[in-house]
1. I'd like the antiparallel share, as a percent to the nearest 5, of DSSP beta bridges with both residues in the chain.
2. Based on DSSP H runs of at least 4 residues, each adding -39500 (n - 2.57), what is the mean residue ellipticity at 222 nm of the chain after dividing by all its residues, to the nearest 500 deg cm²/dmol?
3. Kindly identify the stretch 348-484 as rounded, prolate or oblate by the Cα gyration tensor criterion: order the square roots of the eigenvalues as a ≥ b ≥ c, call it rounded if a/c is under 1.5, otherwise compare a/b with b/c, prolate if a/b is larger, else oblate.
4. State the Kirkwood hydrodynamic radius of the stretch 156-229 in Å, one decimal place, computed from all pairs of distinct Cα atoms.
5. What is the ratio of the Cα radius of gyration of the stretch 52-184 to 2.2 N^0.38 Å, with N the residue count, to two decimals?
6. Counting only protein heavy atoms and a 1.4 Å probe, tell me what percentage of the chain's accessible area is made up of carbon and sulfur.
7. Let me check I've understood the local charge: for P75, count other residues with C-beta under 13 angstrom from its C-beta, Lys and Arg +1, Asp and Glu -1. What total comes out?
8. Kirkwood Rh, Cα Rg: Rg to Rh for the stretch 226-422?
Amino acid sequence: MYEQLSSLREAEQAEWLTTELVALDSTNGSAGEIEISNYIHKLIRSFPYFQKHPEHVWLQTIPNDERRNVFAFLPGTANAEVTILYHAHFDTVGIEDYGALSGQAFDPKALLAFFTDYTKNTEIREDAASGDWLFGRGATDMKSGIAVHLVNMFRYAERERPSGNILLLITADEESEHAGMKAAVSELRHLQTEKGLRYIAAINDDYIAPQYEGDDTRYMYTGACGKILPCFYIAGKESHVGDTMARLNPTSIASQLNLDLHNNIQITEQLDDEFILPPTCLYQRDNKKMYDVQTATSAYMYFNVCLYERSVDEATAELLNIAKTSAETVGKEYESRYIDYMKRMGREPKTLDWSIEVTTFNEFKNYLQTLNAPVADVIEQTSQTFAHLDIRERFFKIVEALQALDPARKPRVILFFAPPFLPHNYLEEGNQNHARVLEALSETLDVSEKISGETYRIRRFFPFISDSSYLAIHESDDELAALLDNFPRWGEDYAIPVDEIRKLNIPALNMGVYGKDAHQWSERLYKPFSFRVLPGLIRDVTARLFGNSYERQG
Ligand SMILES: [Zn+2]
């Protein structure tokens, strides 16, 4: 492997490596995801430096998993503790999107031939005909990113060692549960405490893409958005259709909450020149199993909510407020419909209670405890009984079992959280270290803009979910409590290593390979930027970052 690489020039090395890596099917969850880590490990081991220092490249087995992360450590010439983490992921999404062409999904040459004659889409055909694009599953997301990091490791190891340390990490399972990065946290912490490494920045090179048609700006990101999954368990009051006017239907409350939250840009964070996603309803059901003339007794819903600057406690407070407003709206509306109806029927309306309690999982548990209800036992038992269910469904069962403990059985909305949880990671204003990272990136891009003719723009939040989220936690314990206290079975059915991540707190850059249509069968990588410009760009920012940190020490 070393022989092949050393006979090639840099851009050719990157292309050769990308093609080799694309040829290895490492679909998330497949056996190939295990094999590819062996391949990368062996490849790095073939570099003369790592032949001499085999202890500097190793595989980390992910606990309760067969998959393994690849690590390689290259000490800097200055014998210092300052370290930059280069990271990428080796898993890809599946190949169902290739349809009849799935036999060629890992064969860039065959795909290129196919798309060069593809008459159904001019842009794809022209890209293929230009010779500048490399097709294949994972070409863009992100085998090419691994290739770029490997090319730089190769150069650093064999020719020009930087002053600071480079730690390379290639993770499994980025496209699903981030098991690779979550496990890597303990290894990163181990190196931090045992070897005394000080991580000044992480550089991910996951793909960047045009933001609109004809956009060829190269966006460089200084952080990653976070993500929470707020869930609402909604208990109404069941009724027969015959007395529907006097009861609260939980599906009405869910519908109102859906309207109030889904795609609501009023409550979406406003950050200049950033791509920001509003809350999205991912799930809305009720508990009816079959037809009968009784209304549903409960409804379940959850939302995808991205966090940029907003902290989890602020988001929780806001979600709770919105749910209160939704519940009030529904209560008032149905009360007035009831009164109108009774008048129309020539009867006197009764004074009914239309209030809907809106509470959090934690508050509700506390309330039940004042009634001496067996809260902990019920949670434990329900979790075991429904261990086979999707974790979110299981959590709904838990909350439902708690609602059944309340003798009052009030109509109620209970907010709780379910997996996944991705912390946000961004450069903070007023943080000197963060300012230096931003400065290093800006200077690098300014210089490159003049030499390469590329147009760059720095943005704060990588627009897709990313492993980089697990490298920092900005919230204090108190702020985080809003999430963790309302997360059923945190630490038992699900957890992320919050304290360890906080001790890492690594600012995360994403300087990505450039491509189009990731996760689609037309996935393709733009070679001129990704292979000829990006490797040098990452080396330049690396050198500036190491320069910065020495100033700081001096
Ligand atoms: Zn990716």
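The values are calculated or read from the model by the stated rules, or taken from the named source; none is laboratory data. Because the structure is predicted, anything quoted here is derived from the model rather than measured. Neighbour counts run over all protein chains shown; Cβ positions are idealised from the backbone, glycine included. For the accessible areas, the whole protein counts, side chains as well, though only heavy atoms, and no ligand, DNA or RNA atoms are used. Shrake-Rupley method; radii C 1.70, N 1.55, O 1.52, S 1.80 Å.
1. Values: 40 of 68 bridges.
Around 60 percent antiparallel, to the nearest 5.
2. On the way: 17 runs with 224 residues, N = 554.
Result for the chain, helices only: -13000 deg cm²/dmol.
3. Working: a/c = 3.14, a/b = 2.64, b/c = 1.19.
Cα axes put the stretch 348-484 in the prolate bin.
4. Numbers: mean 1/r = 0.0640 Å⁻¹.
Computed over the stretch 156-229, the radius equals 15.6 Å.
5. Values: Rg = 18.6 Å, N = 133, 2.2 N^0.38 = 14.1 Å.
Here the answer is 1.32, to two decimals.
6. Details: 11020 of 23480 Å².
Summing carbon and sulfur atoms, their accessible area is 47 percent of the total for the chain.
7. Numbers: positive: K52, R161, K195; negative: E55, E81.
It works out to a net charge of +1.
8. Values: Rg = 18.0 Å, Rh = 18.0 Å.
Ratio of gyration radius to Kirkwood radius for the stretch 226-422: 1.00.
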